[in-house]
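Report on one structure; see the data block that follows.
The values are calculated or read from the model by the stated rules, or taken from the named source; none is laboratory data. Quick caveat: nothing in here was measured; it's all calculated off a predicted structure. Positions of Cβ are backbone-derived with ideal geometry, glycine not excepted, and every protein chain shown enters the neighbour counts. Surface areas here come from the heavy atoms of the whole protein model, side chains and all, with no ligands, DNA or RNA. Shrake-Rupley method; radii C 1.70, N 1.55, O 1.52, S 1.80 Å.
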Amino acid sequence: MKKSKSVSLVLSSGGARGLAHVGVIEELEKRGYQIEEIAGCSAGALVGGMYAAGKMNEFSDWMCHLDRLDVFSLMDFTFSSRGFIKGEKVYNALKNVVQDSQIEELKIPFSCNAVDYRSGEEIIFREGSLYAAIRASGSIPTVFQPAKINEYELIDGGVLNPVPISLLRPAGDNLLMVVGLNAPDSELVIPPTKNAEGQRFISMPKWLKEYRNKMRQYFPEQEKVPKSNSLSSINLMTRSFDLLQDRFCSLLVEKYPVDVTVQIARNQAGTLEFHRAAELIEIGRQKAATALDEWENADRRTE
């Protein structure tokens, strides 16, 4: 068991569930751990990059004030067959909150990955524009259009390496911690209604609840039709890919001497449910607290 308070942190891909990474980092800081290096993929690249740049508070505050309409307004939809979201509008908005910077100049060593879909090569970013790297790493196939950088057309790094432990330098005495976002339903938690300080998350305004209840008097909800247990061909393909990626993630983690693993269920939130930021951050904090408690208690028993 390692007793170091220095951490090499790996943040996996997983869309909006990546906001749980914020909570994990907050819990690490609360306990006095020092993050020495971050490797991120897709959503993990976004959160890890913001932290490495020293802008986590600004990023977290911005995300927690986005509602459904805000998130929808940041989606620059297109009819392209290469992805139905261009992916530029949201990053341009974020740049107004956190300015771009060079990866090699960040306060904490940071790296992330993407994939050149034509050659199948994993592209690793350790220098250059932070936003260009994050945009490339988070280009979810068929959702966001590929990112063009020099001669490359890049898609989400999670296609080849969703848990990018391999990007880290040799950990040495650092605690190696991995945060996964594609765990099975056994890791699901009931969404919290309050954060660590006891403050309630943003809820539906009273006037809107009253309006909804009044409208139900005139337009009652139709009787719900029981869901079928069978899957459509699209859903079956998606489910098959999920199972394949889950197994791949497990094999990646087993390959390395990981000290602490934090697991967030795949069904905890949808890929684009960024309006649930505060809730997901709190889930990440709770999950990290449980994992760190287990590791710290096990460490004490060996002393």
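Couplings 3J(HN,Hα) for the stretch 9-17, derived from phi with the Karplus relation 6.51 cos²θ - 1.76 cosθ + 1.60 (θ = phi - 60°), are 10, 10, 10, 7, 7, x, x, 4, 4 Hz, where x marks Gly and Pro.
Contour minus end-to-end for R247 and V189, with contour as 0.36 nm per residue of separation and end-to-end as the Cα-Cα distance?
On the way: separation 58, 0.36 × 58 = 20.88 nm, distance 2.14 nm.
Between R247 and V189, full extension yields 18.7 nm more.
What does the charge count near G83 come to, summing +1 for each Lys or Arg and -1 for each Asp or Glu among other residues with Cβ under 13 Å from its Cβ?
That works out to 0.
Taking 0.36 nm per residue of separation and subtracting the current Cα-Cα distance, fully stretching the chain between E58 and E296 would add 82.6 nm. Counting only protein heavy atoms and using a 1.4 Å probe, the accessible area of R169 comes to about 130 Å². Under a 5 Å amide H cut-off, with hydrogens placed 1.01 Å from N, G14 pairs with A43, G44 among residues at least 5 apart or on other chains. Spin-label model, N92/L69: points 7 Å from Cα along the beta carbon direction are separated by 2.1 nm.
For the pair T142 and L236, the difference between a 0.36 nm per residue extended length and the Cα-Cα distance amounts to 32.2 nm. Across the stretch 1-47, C-alpha contacts under 8 Å between residues 6 or more apart give a mean separation that, scaled by the residue count, equals a relative contact order of 57 percent. Which residue, S80, P184, L154, has the largest displacement toward the positive end of the dipole of the stretch 49-196 when charges sit on each Cβ (Lys, Arg +1; Asp, Glu -1)? Looking along the dipole axis, the top candidate is S80.
Rounded to the nearest 10 square angstrom, C249 shows an accessible area of 20 square angstrom against a 1.4 Å probe.
Of the cross-linked pairs K5/K148; K30/K255; K5/K89; K86/K255, which ones have a Cα-Cα span greater than 32 Å in the structure shown? Provide the component values of the computation, followed by the final result.
Details: K5/K148 39 Å; K30/K255 29 Å; K5/K89 38 Å; K86/K255 36 Å.
Violating the 32 Å limit, Cα to Cα: K5/K148; K5/K89; K86/K255.
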